[in-house]
2 protein chains.
Amino acid sequence: MLLLKHEEVADLLTLDETIAAVRAGLAEQAAGQAQVPPRITIDSTSGHGWLRVMPTILNGSGVMGYKAMHATPGVGVRYLVALYDLASGELLAQMDADWLTSRRTAATAAVGTDLLARQKVEEAGLLGSGEQARALLAALSRVRTPRRVKVFSPTPTNRERFAAAMSEQLGIEMVPVDSAEAAVRDSDLVASGVRAGTAPVLFGEWLAPGAHVTAISAVRPEARELDAEVWRRADVVGVDDREHVLESGDGAAAVASGAKKAEDLVELWELIGGRRPGRQNAQQITLFKSVGTALQDLCLATAIYQKARERGLGLDVGSWPHARK
Amino acid sequence: MLLLKHEEVADLLTLDETIAAVRAGLAEQAAGQAQVPPRITIDSTSGHGWLRVMPTILNGSGVMGYKAMHATPGVGVRYLVALYDLASGELLAQMDADWLTSRRTAATAAVGTDLLARQKVEEAGLLGSGEQARALLAALSRVRTPRRVKVFSPTPTNRERFAAAMSEQLGIEMVPVDSAEAAVRDSDLVASGVRAGTAPVLFGEWLAPGAHVTAISAVRPEARELDAEVWRRADVVGVDDREHVLESGDGAAAVASGAKKAEDLVELWELIGGRRPGRQNAQQITLFKSVGTALQDLCLATAIYQKARERGLGLDVGSWPHARK
């Protein structure tokens with residue numbers, strides 16, 4: 001087993017490698033070779049946060065494993081992925097999965113955008129200026145090239161610094177704007193990579209015809225980023241996991257308000273496999289809402305493991321745990 | 001994080017320490033401080049075995065974690081437990097959980113016997129002569145002292161060797177017998193610690209009035225060790241996890257045959273907490289059927305971790321994974 005630390009795995013894959021890994025995983029799912037059961041989340045009754053485990057088997061790739069993540073009040077969130085060889089059962093690696101988690105989310109958003117957004121986009125609007133927003137914008141820019149990106153974040157210096165840094169990094173015109181509405185109005189691509197609170201920050205009435213919306217921030221039952229009108233106006237709603245999106249605050253509100261029914265949500269692998277239709281014309285509004293899946297985690301973990309082995313990274317602790325006949 | 005290998009954790013706790021740890025965990029569960037959700041099991045659709053993850057939070061003990069186990073055809077079964085400090089979220093240890101798994105099962109069987117069997121027992125009958133049977137008999141002998149133990153295992157040399165070794169180890173008269181029926185008839189304690197197949201090996205018609213039956217071997221849906229008559233004759237059925245016992249082959253057959261209803265199954269913590277009655281008199285037949293829970297795993301893992309720290313065992317890899325604010 002190779003034990004990999006955050007410093008060893010961060011930035012080990014290029015953006016294109018992360019997107020390719022997620023795309024291959026979704027193709028494997030479309031081919032019926034991925035097993036991604038509902039995850040387990042336990043909220044501590046003593047107020048000490050929560051623990052989640054998400055196992056999956058990728059029969060095509062020949063790997064299996066799980067992500068374990070937990071949030072501790074006042075401390076933060078920790079992530080790990082355990083990766084096993086399916087045929088031999090050997091535990092190949094355990095890796096710190098903080099970097100992987102933000103990147104697989106961004107990479108999945110890029111695949112969702114590639115599947116649902118119009119080919120030609122002019123303006124993009126981004127909500128958020130943190131690490132998640134940075135990863136999201138960088139990934140989206142690998143599949144679509146907006147002429148200009150408007151960015152909103154509540155603190156002026158944050159959005160200004162973000163605009164300057166990302167403009168330099170991506171070579172795209174970036175404009176800080178002073179409201180979420182200003183970022184969203186008239187944008188062909190709209191993306192939310194905020195620190196999710198309990199109230200929506202992105203409202204459907206702002207959306208232009210033809211827009212594609214990416215929402216990756218609000219994943220917990222109590223968290224929100226979209227109002228129900230975003231869902232109501234969306235002609236196609238892509239998701240990474242129907243069941244878990246419906247458990248998110250946004251998904252639950254969309255169904256409760258009657259804006260969408262559960263069966264309206266299309267999983268990305270259904271789009272990739274051609275089982276269900278995506279965007280039909282340039283005027284439709286499309287939405288991709290992501291909560292994260294163990295499939296995405298395991299695809300990236302596999303690619304990270306291979307590169308770590310090539311480069312001789314990590315602590316090899318030998319064969320562990322042992323097998324009982 | 002302390003990484004502990006099989007050789008380091010095997011035999012680290014005494015039998016009495018394992019029983020005390022499980023008993024304390026069940027008391028914590030009875031006090032409403034343990035969170036033990038249904039586990040996830042994925043059967044590989046490509047024929048490469050299965051993967052199971054079992055998370056739990058012990059709010060009273062201040063720990064949380066999970067067991068991950070997987071079976072690989074032609075290789076065997078591997079187990080690990082990850083143990084976290086609940087308040088800080090630090091991953092304290094990951095340990096090979098092979099030893100722990102057989103011992104927590106035996107320790108739980110001892111607690112079940114202590115709660116359900118008559119105080120005074122004369123004869124005991126044991127099915128099985130492998131490692132699991134050895135651990136089971138050793139644990140049961142800590143809570144009840146039979147005058148004589150009859151042991152059956154299909155291969156004569158196995159049961160003879162087992163009888164000789166355990167007689168010396170436990171100081172109890174051990175008699176190898178040539179059929180399961182001979183072991184079970186007239187026994188006050190009956191225990192099955194076999195390598196479970198797909199057919200019952202222990203039949204209810206053999207049971208004497210007042211007998212207590214322990215069955216720990218058949219945990220998978222396709223596996224069997226008890227016939228439905230064992231369940232039908234049992235006045236009290238104790239289990240470690242009602243839902244998962246009902247998914248086992250024996251539990252499913254008991255309900256399907258009408259021998260018992262789901263609500264007839266009493267969880268051990270309900271007995272410990274006095275919520276539901278146990279044995280009422282010396283003539284009743286009682287059954288304890290175990291499939292294993294993450295609660296049992298985590299109780300033993302906590303005790304193992306503490307002793308490993310005291311003794312300076314294991315590989316300390318530092319704080320891992322890191323926390324994101």
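Values in this text are rule-based calculations from the coordinates and carry no lab data. Keep in mind that this is a model prediction, so the values were computed, not measured. Glycine also receives a Cβ, built like all others from the backbone with ideal geometry; neighbour counts cover every protein chain displayed.
Relative contact order for chain A: 21 percent, from Cα pairs under 8 Å spaced at least 6 residues apart, divided by residue count.
By Cβ position, the chain B residue that hugs the axis carrying B onto A most closely, with its distance in whole Å, is B:Val53, 2.
Compute the angle between helix A:15-30 and the longest alpha-carbon principal axis of chain A, please, reported from 0 to 90 degrees and rounded to the nearest 10. Between helix and principal axis, roughly 80 degrees. Mean partner shielding of peptide B:28-36, defined as the number of other chain Cβ atoms within 10 Å of each residue Cβ, is 1.
Could you please tell me the mean projected area of the C-alpha convex hull for the stretch B:108-289, averaged over all directions and given in square nanometres to one decimal? Kindly include the intermediate steps, with their values, before the conclusion.
On the way: hull surface 35.5 nm².
Result: 8.9 nm².
Mean per-residue shielding of peptide B:58-69 is 3, counting Cβ atoms of other chains within 10 Å of each Cβ. Largest GNM mean-square fluctuation across A:Asp178, A:Asp16, A:Asp43, computed for chain A with C-alpha springs under 10 Å, falls on A:Asp43.
Determine the sum of side-chain charges near B:Pro73: Lys and Arg each +1, Asp and Glu each -1, restricted to other residues whose C-beta is under 15 angstrom from that of B:Pro73. Could the numbers behind the result be given before it?
Numbers: positive: A:Arg324, A:Lys325, B:Arg78, B:Arg220; negative: A:Asp85, A:Glu90, B:Asp43, B:Glu222.
Summing Lys/Arg as +1 and Asp/Glu as -1 gives 0.
Sorted from shortest to longest, the distances between the A:Thr145 label points of this copy and the other copies are 8.6 nm, with each point 7 Å from Cα along the line through the beta carbon. Gain on full extension, evaluated as 0.36 nm per residue between A:Lys325 and A:Thr155 minus their Cα-Cα distance, stands at 55.3 nm.
Once both labels are positioned 7 Å from their Cα atoms along Cα-to-Cβ, the gap between A:Arg232 and A:Arg147 label points is 3.2 nm.
Each other copy places its own label point for A:Gly197 at 6.7 nm from this one, sorted shortest first, where the point lies 7 Å along the Cα-to-beta carbon line. Between the listed residues A:Leu92, A:Pro156, A:Val9, the Cα displaced farthest toward the positive end of the dipole of chain A, a dipole computed from Cβ unit charges relative to the Cα centre, is found at A:Leu92.
Measuring from centroid to centroid over Cα atoms, what is the spacing of the stretch B:288-323 and the stretch A:263-325 in Å? Comparing the Cα centres of the stretch B:288-323 and the stretch A:263-325, I get a distance of 30 Å. Annotation: peptides A:186-199, A:54-67, ranked by per-residue average of other Cβ atoms within 10 Å with the highest first, follow the order A:54-67, A:186-199. Quick check: Cα centre of the stretch B:125-176 to Cα centre of the stretch A:1-53, how many Å? So the two Cα centres are separated by 46 Å. Which of the listed residues, B:Ala180, B:Val36, B:Leu287, is farthest toward the dipole's positive end in chain B, when Lys, Arg count +1 and Asp, Glu count -1 at the beta-carbon? Checked the options; the winner is B:Val36.
If R0 is taken as 35 Å, the Cβ-Cβ distance between A:Ala20 and A:Ser46 corresponds to a FRET efficiency of 0.25. For chain B, pairs of C-alpha atoms spaced more than 30 angstrom apart make up 33 percent of the total.
Each label point was placed 7 Å from the Cα along the Cα-to-Cβ direction; for A:Lys307 and A:Val175 their separation is 3.5 nm.
Between copies, the label points at B:Arg311 (set 7 angstrom from Cα along Cα-to-Cβ) are spaced 3.9 nm, reported in nanometres from shortest to longest.
Angle check, please: helix A:131-140 long axis (alpha carbons) against the longest principal axis of chain A (alpha carbons), in degrees 0 to 90, nearest 10. Roughly 80 degrees, rounded to the nearest 10.
For the stretch B:101-212, the alpha carbon convex hull comes to 92 Å³ per residue, rounded to a whole number.
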